């Protein structure tokens, strides 16, 4: 059985406030994967395929046109990766495999990765920025969360554990 991904997100309120209809995970731009042995967890940083229709006024006034978030999967096992050349466009599919377990796979031009996890997903580090022709996500951005918006004005370096390991 295939799930609407948003139904599995425990803290979905910010997304359902930003979007009248949260887009499916088709043609998302995958930016990074963070594996953490604690849990074990896997966190995907990605751009959703459409900009929120209920975006905050400062996002609109700044000319932002791209929405990025982290999705964190808990109790990950059976992780397999066959390709990784970010940023890349991918379709992410989520299906039930057994009680409270899901199977997640990402495919683009080729199979990218797959894994199993608990059916509890977290979302965090939501932000908006203005996309560029090269597909890079550097430059100024606006964060939704109060802590992120006070700490960062652009994407933090990859060694910033509080950003990449915790939602």
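Bear in mind these aren't lab numbers, they're just calculated from the coordinates by the rules spelled out. Predicted model, so just to flag it, every value in this text is computed and none were measured. Every residue, glycine as well, gets a Cβ built from its backbone with ideal geometry; the counts of neighbours run over all protein chains shown.
Computed quantities for the displayed model
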{"quantity": "Estimated [θ] at 222 nm from DSSP helical runs (n ≥ 4, -39500 (n - 2.57)) normalised by residues in the chain, nearest 500", "calculated": "-2500 deg cm²/dmol"}
{"quantity": "Listed residues 157, 36, 64, most fluctuating in the chain (Gaussian network, C-alpha, under 10 Å)", "calculated": "157"}
{"quantity": "Cα shape, the range 71-148, gyration tensor, a/c 1.5 rule", "calculated": "oblate"}
{"quantity": "Cα-projected label distance for residue 105 with residue 50, points at 7 Å along beta-carbon direction, nm", "calculated": "2.6 nm"}
{"quantity": "Distance (nanometres) between label positions extended 7 Å along Cα→Cβ at residue 159 and residue 77", "calculated": "3.5 nm"}
{"quantity": "Residue order, fewest to most beta carbons within 10 Å, for 129, 79, 143", "calculated": "79, 143, 129"}
{"quantity": "Ascending count of other beta-carbon atoms within 10 Å, so fewest first, for 84, 5", "calculated": "84, 5"}
{"quantity": "Taking the range 5-164 and dividing mean pair separation by its residue count, relative contact order in percent (alpha carbons under 8 Å, at least six apart)", "calculated": "22 percent"}
{"quantity": "Distance in nm between pseudo-label sites at residue 84 and residue 98 (7 Å out along the Cβ direction from Cα)", "calculated": "2.6 nm"}
